[in-house]
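Novice: Please see the structure below; I have some questions.
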Amino acid sequence: MAMALTRASCCSLARQRNPLRSIFMQNPHHQRIRFRHPLQSFKSYPAGFQHRVRAIHEATVEPITSNKQNEPQPQNWNIKMLYDGDCPLCMREVNMLRERNESYGTIKFVDISSDEYSPEENQGLDYKTVMGRIHAILSDGTVVTDVEAFRKLYEQVGLGWVYAVTKYEPIATIADAVYSVWAKYRLQVTGRPPLEEILDTRKKKVGVCSWMHFFNSITTHLKF
């Protein structure tokens, strides 16, 4: 009898010290207890509430992709390279120069295929002109083209020796002639449509973007 009373007293004391244990002991099906998400504890939800929660959750976990125009640019650049970001072969060279430029910080890269490309910020060079051949702009505003542009760019990242021989005649004239052929057939070689078709598509795209910007500005003002 004394042993039974002692055992009962110990069990009572244990339940006081650990209330969760007493709850589990009183529930014969304690192993089936599952912890649910806080939202699942409600019997009912307002209309559309579950869909809103799911949308917010999905929006927060999707990674944010940065635009090409948002890439870090050097503050004190010596030369600006205008490149066609839609040209796969061109991008190989651009990426190589960009990687080298991480140690020099002397080249500023401007993607002319971007919707944000502005001729006003690049010596008035419009998209059609720059698509015709390589253009680079020195920090003093001087515009250089063709092989000279490549030579200036390579010099800024410690590779001036690659194009050093093109400074002298007749190599300079021959190099420019060879590059002119490449520039003329660049779109065909890379499997892209003719320049006129690209310009037409870009014009339509810019028009749509302008209307969207106008519409967004109107709706923003109407809200206030």
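Novice: Just give me the residues in region 99-110 being open to solvent by less than 60 Å² (accessible area, probe 1.4 Å) and out of contact with any strand residue (DSSP E or B) (no Cβ under 6 Å at 6 or more places or on another chain), in sequence order.
Specialist: Result: 105, 106.
Novice: Tell me which residues, restricted to region 153-199, are of a type in the set (Lys, Arg) and over 19 Å from residue 92 (Cβ atoms).
Specialist: Within region 153-199, 167, 184 meet the criteria.
Novice: Under the condition of being surrounded by 11 or more Cβ atoms within 10 Å (Cβ to Cβ) and without any contact (Cβ under 8 Å) to a residue 40 or more places away in the chain, which residue from region 188-202 is nearest to residue 113 (Cα to Cα)?
Specialist: The residue in question is 201.
Novice: Please verify whether residue 131 is crowded, with 18+ Cβ neighbours inside 10 Å, in contact with an Asp or Glu (Cβ under 7 Å, 6 or more places away or on another chain), at negative phi and not acidic (Asp, Glu), treating the condition exactly as stated.
Specialist: Yes.
Novice: Only one residue in 68, 108, 80 is modelled with pLDDT under 90 and under 25 Å from the mean Cα position of the chain (by Cα). Which one?
Specialist: None of the other options fit; the residue is 68.
Novice: Tell me whether region 173-182 contains one or more residues that are within 17 Å of residue 83 (Cα to Cα), of a type outside the set (S, T, N, Q) and in contact with an Asp or Glu (Cβ under 6 Å, 6 or more places away or on another chain).
Specialist: Checking region 173-182: at least one residue is within 17 Å of residue 83 (Cα to Cα), of a type outside the set (S, T, N, Q) and in contact with an Asp or Glu (Cβ under 6 Å, 6 or more places away or on another chain).
Novice: Another question about this same structure. Among the strands (runs of 3 or more DSSP E) lying completely within region 84-181, list those that include at least 1 residues that are in contact (Cβ under 8 Å) with a residue 24 or more places away in the chain and in contact with a Ser or Thr (Cβ under 8 Å, 6 or more places away or on another chain).
Specialist: Hits in region 84-181: 135-138.
The values are calculated or read from the model by the stated rules, or taken from the named source; none is laboratory data. For clarity, every value in this text was computed on a predicted model and none was experimentally measured. Note that each Cβ is placed from the backbone with ideal geometry, even for glycine, and that neighbours are counted across all protein chains shown. Quick note on the areas: whole protein, heavy atoms, side chains included, nothing else; ligands and nucleic acids left out. Shrake-Rupley method; radii C 1.70, N 1.55, O 1.52, S 1.80 Å.
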